[in-house]
Amino acid sequence: MTLGSAIAKLCDFLFAGQTCPKQQLLRVPLAALVWKPHAGLVISVTGNLFRVRNKAVGGRAVRELQNAGLDAIGHTLDQGDDASIDRFIAWVRDQTDGIDVLINNAGVWLEEHDSSSPSVLGADPNAVTNTLRINTLGPWLLNRKLHVLVRDNGRIVNVSSQMASLAKMQSNYFGYRASKASINVLSKLLATELAHRGIMVNAVDPGWVRTDMGGPHAERSVKQGANSLLWAATLEPGGPSSDFYRDSKPPDW
């Protein structure tokens, strides 16, 4: 299996695994899924924080990828915890001397998922604080320590959202919007700092996808949403970097 086809399977898995019924919101360790063929190594930090899962989340997720034909291994990771990140990095160093693609897909949406979500002045402080901690500070902490393992000309993909677009910003979902807008800022700054190594860093909006989070009326299938991640994860050396993309094109943001 080629690196590209493995990433395609992994991207499909990321979206197929996301659910978010409000009554099921749990804070669980993130599952770091690693595909390690001879051709390269892909690490995907996929939270699945919206799905009720027990401590075997990592093992079960890895088995699903193995059943899809990937040579996958896994290790638990809480990207909001420095000690957990350090343990994870030590484990990665034992597995490989470099990462080809890092996909940051972990995140939560802790605000009400309907049109009555409070405005910025009425937002719940705990929901906003926890959303920013997990969605923004988590990826920053992980990238800060893991970038040294990303190979020259590698790719870092930070999953963002159309809700991060300042040009289309509305008044509700303050915590989620702010966290994803911050992901765009993180991606742009990180791309500048890693440009001398040829590492391409992009924020990607997969669109409104028909997961349990997006709902049955969302405009895109799981496959369509995964395609945007696949594009950014398989860029050739010298490809675009430091921007916010949807369908391989920068939207108005």
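Quick note: the coordinates plus some simple rules give every number you see, no bench work behind them. It should be emphasised that the depicted structure is a prediction, and the values quoted were computed from it without experimental measurement. No Cβ is skipped: glycine too gets one built from the backbone with ideal geometry, and neighbour counts run over all protein chains shown.
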Q. Based on the Cβ-Cβ distance from residue 73 to residue 144, what FRET efficiency comes out when R0 is 25 Å, to the nearest 0.05?
A. 0.60
Q | Proximal charge balance of residue 158 [Cβ under 12 Å; K/R count +1, D/E count -1] | A | +1
Q) Nearest-5 percent of antiparallel DSSP beta bridges in the stretch 141-253? A) 10
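Could you tell me the calculated FRET efficiency between residue 66 and residue 152, based on Cβ-Cβ distance and R0 = 41 angstrom, to the nearest 0.05? Mind dumping the intermediate values first?
Details: r = 29 Å, r/R0 = 0.72.
In this case the efficiency is close to 0.90.
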